[in-house]
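Below is one structure, written out as C-alpha cells, with a few remarks after it.
The values are calculated or read from the model by the stated rules, or taken from the named source; none is laboratory data. What you see is a predicted model; the values in this text were computed from it and never measured. Here the Cβ is made from the backbone with ideal geometry for all residues, glycine too, and neighbour counts use every protein chain on show.
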Amino acid sequence: MAPDVGSPVRAGDAEAGFEVLPDFERFSQVDDVFCRSWWDESIRSEQTKRFYATYRRPLTRWRKANGFTQRDYALRNASWHVSDVFTELYEDQGRRDGFLDPLSMLRDGPGTRLEPESPEESARQVRQVARVFGADLVGITEFDERWVYTERFSSITGTAKANDLPDGLTSVIVIGQSMDPDLIQTAPSALSGTATGLGYSQDAAVLLGVAQYLKNLGYEAVPSMNDTALAIPLAIKAGLGEYGRHGLLITPEFGPRLRLGKIFTDLPLAHDRPQRFGVTEFCQQCDRCTTACPASAIPAAGPVPVALNRSGLKGVNKWSVDGEACFGYWSKINSDCAICVRVCPWTRDYSRRRNRWWRRLAGSPLRRLALAIDDRIGGGRRLKPTSWWANLR
C-alpha cells in the first residue's frame with residue numbers, strides 16, 4: 001500500500017491531541033488482527049478457530065473455572081445474538097454487516113430532502129433522536145478520509161475488497177454505548193464478554209434507527225460498527241474523549257467502558273470540538289493497565305510513532321497496543337479479555353458524587369493523589385463471577 005500523497009496533517013489535529021507524522025499511512029482492514037486471524041498463518045491457529053467456535057456454534061465446550069461455565073457462555077452468546085443476526089444475514093453473499101461491512105438493513109428514502117433549518121439545529125435534533133433510540137453518548141465531527149480504511153476484508157476470499165462509500169459525505173455521527181460496569185468487573189471471564197456483546201447488539205439497533213431517520217429525511221446514511229473506518233480518532237474529534245495508555249477511548253462519563261459506532265452522512269451538521277480533560281497527563285503517571293495485562297500487550301513506554309506490528313497504525317505518535325499479543329490471549333481464554341478496562345482508574349460510576357470529585361482531581365495537577373486514592377480503595381479489583389450471579393436482582 002503506497003503512502004498518502006501530500007501532508008497528512010489537518011487543521012484541528014493539535015486540538016484533538018493528534019501527532020500525525022509525515023510517514024502516515026491509512027490503514028487497511030485486511031491488516032486488522034481479527035481479519036488476519038482468517039488468513040495470516042502467523043495468527044491463525046487451532047486455538048483461534050476454537051475461540052470463534054465458542055461464539056458461533058452450538059455450545060459444546062466450557063470449563064469448570066469460575067466465569068467460564070456453561071451458564072457464563074450461555075449469557076455471553078445470548079448478548080451477541082442481535083448483533084449476530086445482522087452480521088450473519090448476508091454472510092453467504094460475502095458480507096458481515098457491522099464488522100466487515102456497514103449495516104445494510106435500511107429502507108430507501110423518499111427521494112426528496114427536507115431542507116435543514118441550520119446545521120446547528122440539525123445537529124441538536126440528531127443528538128435528540130440518537131438518545132431516543134438509546135445512545136449513551138453522541139458526538140459529531142467532519143468526514144476525514146485519513147481514518148477510512150483503504151480497503152475492506154472479504155471473509156469469503158480472504159483478500160481485500162473495495163471500501164465503497166457514497167460521494168459527498170461531510171459528517172460522521174459517533175455513537176457511544178456504555179458497557180455494564182458489574183459485568184466488566186468480572187474480567188477476565190466469558191461472563192464479562194456479555195458486556196461487550198450487549199454493547200454491540202445495542203449499538204446495531206441505535207445505528208440502524210438513527211440512519212433510517214436520516215434516510216427518511218432524504219440524506220445519505222451509512223451505519224458502521226467495526227467496519228469502514230477507525231472509530232477512536234473520529235470519536236476524539238467528535239469531542240467524546242481522549243486516547244488512554246491502553247489504546248482505548250477514555251470518556252468523562254464512562255471512562256473506557258464504551259463501545260463505539262458511527263454514521264456517515266451528507267446532512268449538513270454543526271461539528272463538535274475535541275475536549276481535553278487530563279487523560280493524557282494522568283496516563284503518563286499511571287501504568288496499571290500495563291502491569292495488569294497478562295499478555296504484556298500494553299507497552300510501558302510513552303506514545304510511539306511506529307506500528308508495533310502490521311496490525312498497528314503507522315505514522316501517528318500515540319499510545320499503541322500489541323494487537324497480536326492481545327488477541328493471542330483472547331484466543332487462549334476463549335473470550336475477550338477487558339482486564340485493562342476493569343483496572344483503569346477512569347472506569348468508575350460517575351453518577352456518584354465522590355467519583356465526579358475524583359475525576360476533577362485526576363484531571364488536575366493533583367493527579368498523583370487521585371491515583372494514590374484509587375490504589376488505596378482497591379480500584380479495579382476483580383469481582384468473582386459467582387458473586388455476580390449471586391447478586392442478580
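Looking only at residues that are assigned to a loop (DSSP other than H, G, I, E, B) and surrounded by 14 or more Cβ atoms within 10 Å (Cβ to Cβ) in segment 57-80, which one is modelled with the lowest pLDDT?
Among them, the one singled out is Trp62.
Residue check: Glu46 meets all listed conditions (1) within 14 Å of Asn334 (Cβ to Cβ); (2) within 23 Å of the chain's Cα centre (by Cα) but one, namely (2).
Across segment 296-333, the number of residues qualifying as under 21 Å from Trp346 (Cβ atoms) and crowded, with 17+ Cβ neighbours inside 10 Å comes to 9. Candidates Trp357, Trp346: the one that is buried (at least 21 other Cβ atoms within 10 Å of the Cβ), over 27 Å from Tyr73 (Cβ atoms) and not acidic (Asp, Glu) is Trp346. Within segment 175-188, identify whether any single residue is assigned to a loop (DSSP other than H, G, I, E, B), in contact (Cβ under 8 Å) with a residue 40 or more places away in the chain and within 19 Å of Gly134 (Cβ to Cβ), and answer yes or no. Yes, because at least one residue in segment 175-188 is assigned to a loop (DSSP other than H, G, I, E, B), in contact (Cβ under 8 Å) with a residue 40 or more places away in the chain and within 19 Å of Gly134 (Cβ to Cβ).
Residues of segment 200-229 that are in a helix (DSSP H, G or I), within 16 Å of Met179 (Cβ to Cβ) and in contact with a helix residue (DSSP H, G or I) (Cβ under 7 Å, 6 or more places away or on another chain): Tyr200, Ser201, Ala204, Ala205, Val206.
For every residue, the table says whether it meets (1) at pLDDT 90 or above; (2) under 28 Å from Ala338 (Cα atoms).
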| position | (1), (2) |
| --- | --- |
| Arg36 | yes, yes |
| Glu46 | no, yes |
| Asp84 | yes, yes |
| Asp97 | yes, yes |
| Leu100 | yes, yes |
| Leu106 | yes, no |
| Arg113 | yes, no |
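Residue by residue, here is whether (1) within 19 Å of the chain's Cα centre (by Cα); (2) surrounded by fewer than 18 Cβ atoms within 10 Å (Cβ to Cβ); (3) over 21 Å from Leu313 (Cα atoms); (4) among the β-branched types (Val, Ile, Thr) holds:
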position: Arg124; (1), (2), (3), (4): no, yes, yes, no
position: Ala130; (1), (2), (3), (4): yes, no, yes, no
position: Thr141; (1), (2), (3), (4): yes, no, no, yes
position: Leu169; (1), (2), (3), (4): no, no, yes, no
position: Pro181; (1), (2), (3), (4): yes, yes, yes, no
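Listed by position, the helices (runs of 4 or more DSSP H) contained in segment 265-372 that have at least 3 residues being more than 21 Å from the chain's Cα centre (by Cα) are 279-285, 353-362. Per this entry, Ala211 is counted among residues that are surrounded by 24 or more Cβ atoms within 10 Å (Cβ to Cβ) and more than 21 Å from Trp346 (Cβ to Cβ).
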